[in-house]
Amino acid sequence: MRDRLPMLDLSGRSTHLGTGLLGTLAAEAVGNLRAMRQRSLLALLGIVIGTAAVIAMVAIGETAKQQALGQFKAMGTDLLAVHQDSAQPGRLTPFTPGDAAALRDRPEIDAVAPLAIAGVEIAHGRSRVTASVAGVTADLPPVARLRVAEGRFLSAFDEGQTFAVLGAGVARRLGEEGRPPAVGDVVRMGGYGYTVIGVLEETVANPLLPVDLNGAAFVPLAGLRRIAPAAGITTLIARMAPGVGDEAARQAAVTHFAQPHATGPRARPVVVQSARQLIAAMAEQMQVYTLLLSAIGAISLVVGGVGVMNVMLMSVVERRREIGVQLAVGARPRDIRAMFLVEALALSLAGGALGTALGTAAAAFYAQTAGWPFALPAVALPLGLGMSVAVGLFFGLYPAVRAARLDPIQALRGE
């Protein structure tokens, strides 16, 4: 038991707490928490961990969301990917160059690039890598916004040539055991020698595309059959016309292939994915993960709140005589409640501030490790502090009420 006189002057009869009394309560709260230093630190630790977990999860979720959005924005949010509907019964009929040309004529579509993909071993000197080889046309760079680091891309005059353009990742891998392939070098694919006419700049991965542009080699569409006779056009990459809505462009592509006269002897159902559609789905998925991880952090906050309540209850037991003296000299029950609530508020504010700083630092470190730009949502800081204060006051209310209900005579007799 602490044998000391009360510091509070509670003999006044005002109906409201003044600023001077609030300052006295704050000073008394800090002194009481320092007197119970070890227990206070344990309660503080729970608040810090819970708040840090909430802040870190919210910030990491926002950073991942911004990173995903950045990947799409780099290639444009006006992309469409038209795939064959594999859920339909029967043998799938590959697209044709005529399908791409007919779809390009739609007013909702600005450009279309057909894409055929095969997996092939690529050799250069002593280096051998297995990578995707995409049969493409000269329409791919403007649609996918590709830039050439050296040389040039395939043109309409290269259809019969054994020319290849390498993605930045493939060129880097082929140079691990020697010099990277340069313009004019010959790489071997499927038993044929292909002359490298260009190397692409590094580009961000786009989940909408069926191939990693960095990790692929590009050859003329018709020439892909040399090394992969069964390869056909499985995807059409389209860019919407300016001012066209996402749903209108998607519906136009579906309608186009539902018309037998536009696609050949029979209609072919297709699946059309848009960049905005994927962005919305990814944002929704990330929000679910963020809420789940934030709930885990909230559980830690609840544990910290229980710690605050335990500290306050122990304080009530140890300060029975002090509370009795304060009540005897004129303190009202609400003054005693305010004193203990201020202590809980001091614990939760300190824990919330430390936890916010720790969670922000952890999220920034994670973003730096992953190579992402750090993005802290505006709601993170008020959310962390608000939750910690709410939890601290909620769990501090019961000890405060219990202290306010003490009988002065019984409290003065108690040891």
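The values are calculated or read from the model by the stated rules, or taken from the named source; none is laboratory data. Given the structure is predicted, the values throughout are model-derived calculations rather than measurements. Here the Cβ positions follow ideal geometry from the backbone for every residue, glycine too, while neighbour counts run over all protein chains shown.
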The stretch 378-392 - residue that is surrounded by fewer than 16 Cβ atoms within 10 Å (Cβ to Cβ) and not small (Gly, Ala, Ser) and, of those, nearest to Ala353 (Cα to Cα): Pro382
If I filter the stretch 275-314 down to residues being more than 30 Å from Leu341 (Cα to Cα) and among the β-branched types (Val, Ile, Thr), which single residue comes out as modelled with the lowest pLDDT? Thr290
Looking at (1) in contact with a Phe, Trp or Tyr (Cβ under 7 Å, 6 or more places away or on another chain); (2) under 27 Å from Arg39 (Cβ atoms); (3) not polar (S, T, N, Q), can you tell me which one Gly351 breaks? (1)
Between a first residue in the stretch 327-356 that is farther than 14 Å from Ala400 by Cβ and a second residue that is polar (S, T, N, Q) and in a helix (DSSP H, G or I), which pairs have beta carbons less than 7 Å apart while being 6 or more apart in sequence or on different chains? Gly351/Thr51; Gly351/Ser388; Gly352/Thr51; Gly352/Ser388; Gly355/Thr51; Gly355/Ser388; Thr356/Thr51
Only one residue in Ile122, Ile109 is at pLDDT 90 or above and in contact with a His (Cβ under 9 Å, 6 or more places away or on another chain), so which one is that? Ile109
In the stretch 213-232, what residues are more than 22 Å from Val170 (Cα to Cα) and surrounded by 17 or more Cβ atoms within 10 Å (Cβ to Cβ)? Gly232
Condition met for Leu301 (hydrophobic (A, V, I, L, M, F, W, C), out of contact with any Leu (no Cβ under 9 Å at 6 or more places or on another chain) and part of a helix (DSSP H, G or I)): yes
In this structure, does Arg268 turn out to be closer than 30 Å to Val183 by Cα, crowded, with 17+ Cβ neighbours inside 10 Å and charged (D, E, K, R)? no
